[in-house]
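Colleague: I have a structure I would like to understand better, so I am pasting it below and will then ask my questions one at a time.
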Amino acid sequence: MKRKIITIILIVLIFVSNIFTFTFSIINSGKLIELRNLWIETAMNTFHHKWLATSIFPQDIIDEVMNKKVEMVDSSATNTNKIEDTIKKSEIFSLYENKSRDELDFAGNPVYIVDNKQRIAISNIYGESYVGKIAIIEEPSRVFIGHTSKKDVVGNNILTYLERYNAILGVNASGFADYDGVGDGGEIMGLSYSEGESWGTYIDTYNTIALDKDNKLIIGNISDWSNIRDGCQFNPALILNGEKQVEGSAGWGISPRTAIGQREDGAILILTIDGRKPGYSLGATMEDCANELLKYDVVNAAACDGGSSTIMGYNGEIITRCSSPQDGGRYLPNAILVKKIA
């Protein structure tokens, strides 16, 4: 009986696969090509589900699509001329102090919470295919990187990071190897720097995403970390000097997303977009992320790890819908955190 069921399932999968192959191979223009490319990009940017592309499309088509993926920025480093030379205390929080839940913020998004004591505001965002949250932190010196307590062994989930570091808010940061499919977060990808301690190995095809000792967010191919206070690595850059760096999917497909950016006045914006939940939120493209951040006048921004890692924790609770099946979200090698005000 079991063999019959397995045989039927295989026949159905082969039939569906052939339909996709036929459809996407005979039509060479218009929306179907865009959809085909999005399908390939989305699958190929996962760790364990590349078969969703490789079982349907020939390798030459996959290579053609993925060769367009945007990763490193061309410049050697982000030009921070757009950031004030001496970052003053941002006044952005004054735009939220008297806001109530569901009132619109200055970018036109409904407020989720205004924490006057912690000087943090969080808004909900909505796009054609996604739902997410964006947090505004007026003082960049409070934003830092936290590392797992068991480096090279296992990561911590986001709520553990909040507790360990006495942080009010946190999101995932770096990518990591996930060989067994459970996201143990033990082996970080790229270099990460926190509290004077580095972990991992610098990857020259990854952007540096870091706050320097003047609390400026710098993004680019930066191998000299002597002036970096806290940092990590990932791709791609989304906005540099107020200019959007990505168009459409940029080779990354549609997925849950995490990103960090900085306004000219120094305020930090942290964005998460939920995904892989049909009927609620499918996910976003890289350009979607850039566009959302531009609404808040962000001048420099970059994407962090996304997919099943994307998560936002606030005040001891998870406030987004992580696509990971793991209770409490994936085990993460590091996290972007915001210090609590005592």
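The values are calculated or read from the model by the stated rules, or taken from the named source; none is laboratory data. Quick caveat, the model's predicted, so the values are computed rather than measured. Because the Cβ atoms are built from the backbone with ideal geometry, glycine has one as well, and the counts that use them run over all protein chains shown. These accessible areas exclude ligands, DNA and RNA; they are computed on the full protein's heavy atoms, side chains included. Shrake-Rupley method; radii C 1.70, N 1.55, O 1.52, S 1.80 Å.
Colleague: Considering segment 137-159 alone, what residues qualify as being more than 16 Å from residue 119 (Cβ to Cβ) and either touching a strand residue (DSSP E or B) at 6+ places or on another chain (Cβ under 6 Å) or without any contact (Cβ under 8 Å) to a residue 60 or more places away in the chain (or both)?
Modeller: Once the filter is applied, which keeps residues that are more than 16 Å from residue 119 (Cβ to Cβ) and either touching a strand residue (DSSP E or B) at 6+ places or on another chain (Cβ under 6 Å) or without any contact (Cβ under 8 Å) to a residue 60 or more places away in the chain (or both), segment 137-159 yields 145, 146, 147, 148, 149, 150, 151, 152, 153, 155, 158, 159.
Colleague: Can you work out which of the residues in segment 46-60 that are in contact with a helix residue (DSSP H, G or I) (Cβ under 7 Å, 6 or more places away or on another chain) and at pLDDT below 85 is least open to solvent (accessible area, probe 1.4 Å)?
Modeller: Among those residues, the one meeting the criterion is 46.
Colleague: Name the one entry in 274, 305 that is among the charged types (D, E, K, R), open to solvent by less than 10 Å² (accessible area, probe 1.4 Å) and touching a residue at least 60 places away in the same chain (Cβ under 8 Å).
Modeller: 274
Colleague: For residue 90, are the conditions met, namely being farther than 17 Å from residue 319 by Cα and open to solvent by 10 Å² or more (accessible area, probe 1.4 Å)?
Modeller: Answer is no for this residue.
Colleague: How many residues does segment 317-340 hold that are within 20 Å of residue 123 (Cβ to Cβ) and either at pLDDT below 95 or surrounded by fewer than 24 Cβ atoms within 10 Å (Cβ to Cβ) (or both)?
Modeller: The qualifying residues number 5.
Colleague: Determine the pairs where a residue that is free of Cβ contacts under 8 Å to residues at least 24 places away in the same chain, located within segment 232-260, has a partner that is open to solvent by less than 20 Å² (accessible area, probe 1.4 Å) with Cβ atoms under 9 Å apart, the partner being 6 or more residues away or on another chain.
Modeller: Pairs found: 243/299.
Colleague: Right, something else. Taking residue 226 as the residue in question, decide whether it is in a strand (DSSP E or B), small (Gly, Ala, Ser) and either farther than 19 Å from residue 327 by Cα or under 16 Å from the mean Cα position of the chain (by Cα) (or both).
Modeller: It is false that residue 226 is in a strand (DSSP E or B), small (Gly, Ala, Ser) and either farther than 19 Å from residue 327 by Cα or under 16 Å from the mean Cα position of the chain (by Cα) (or both).
Colleague: Next question. Being within 30 Å of residue 119 (Cβ to Cβ) and either among the hydrophobic types (A, V, I, L, M, F, W, C) or in contact (Cβ under 8 Å) with a residue 40 or more places away in the chain (or both) is the filter here, so list the residues in segment 192-207 that pass it.
Modeller: 192, 193, 194, 195, 197, 199, 207
Colleague: Taking into account only those residues within segment 169-199 that are among the hydrophobic types (A, V, I, L, M, F, W, C) and open to solvent by 40 Å² or more (accessible area, probe 1.4 Å), which is farthest from residue 136 (Cα to Cα)?
Modeller: 182
Colleague: Something else: Since residue 96 meets every condition but one in (1) under 24 Å from the mean Cα position of the chain (by Cα); (2) open to solvent by less than 30 Å² (accessible area, probe 1.4 Å), which condition does it not meet?
Modeller: (1)
Colleague: Hey, any hits in segment 242-256 for a residue that's surrounded by fewer than 23 Cβ atoms within 10 Å (Cβ to Cβ), of a type in the set (Lys, Arg), closer than 15 Å to residue 302 by Cα and touching an Asp or Glu at 6+ places or on another chain (Cβ under 8 Å)?
Modeller: Within segment 242-256, one or more residues are surrounded by fewer than 23 Cβ atoms within 10 Å (Cβ to Cβ), of a type in the set (Lys, Arg), closer than 15 Å to residue 302 by Cα and touching an Asp or Glu at 6+ places or on another chain (Cβ under 8 Å).
Colleague: Could you tell me which numbered condition residue 218 fails, if it satisfies all but one of (1) out of contact with any helix residue (DSSP H, G or I) (no Cβ under 8 Å at 6 or more places or on another chain); (2) touching a residue at least 60 places away in the same chain (Cβ under 8 Å)?
Modeller: For residue 218, the exception is condition (1).
Colleague: Residue 313 is checked against (1) at positive phi; (2) modelled with pLDDT of 95 or more and fails just one. What number does that condition carry?
Modeller: (1)
Residues are listed down the side, and each one gets a yes or a no for (1) surrounded by 21 or more Cβ atoms within 10 Å (Cβ to Cβ); (2) of a type in the set (S, T, N, Q):
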| position | (1), (2) |
| --- | --- |
| 112 | no, no |
| 118 | no, yes |
| 128 | no, no |
| 135 | yes, no |
| 140 | yes, no |
| 145 | yes, no |
| 150 | no, no |
| 167 | yes, no |
| 201 | no, yes |
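Colleague: Let me ask you something else. Quick check on my filter: what residues within segment 203-241 are over 13 Å from residue 192 (Cβ atoms), of a type in the set (Val, Ile, Thr) and open to solvent by less than 40 Å² (accessible area, probe 1.4 Å)?
Modeller: Listed by number, the residues that qualify are 218, 219, 222, 239.
Colleague: Whether any residue in segment 303-316 is over 20 Å from residue 175 (Cβ atoms) and within 16 Å of the chain's Cα centre (by Cα) is what I want to check.
Modeller: No; the residues of segment 303-316 include none that is over 20 Å from residue 175 (Cβ atoms) and within 16 Å of the chain's Cα centre (by Cα).
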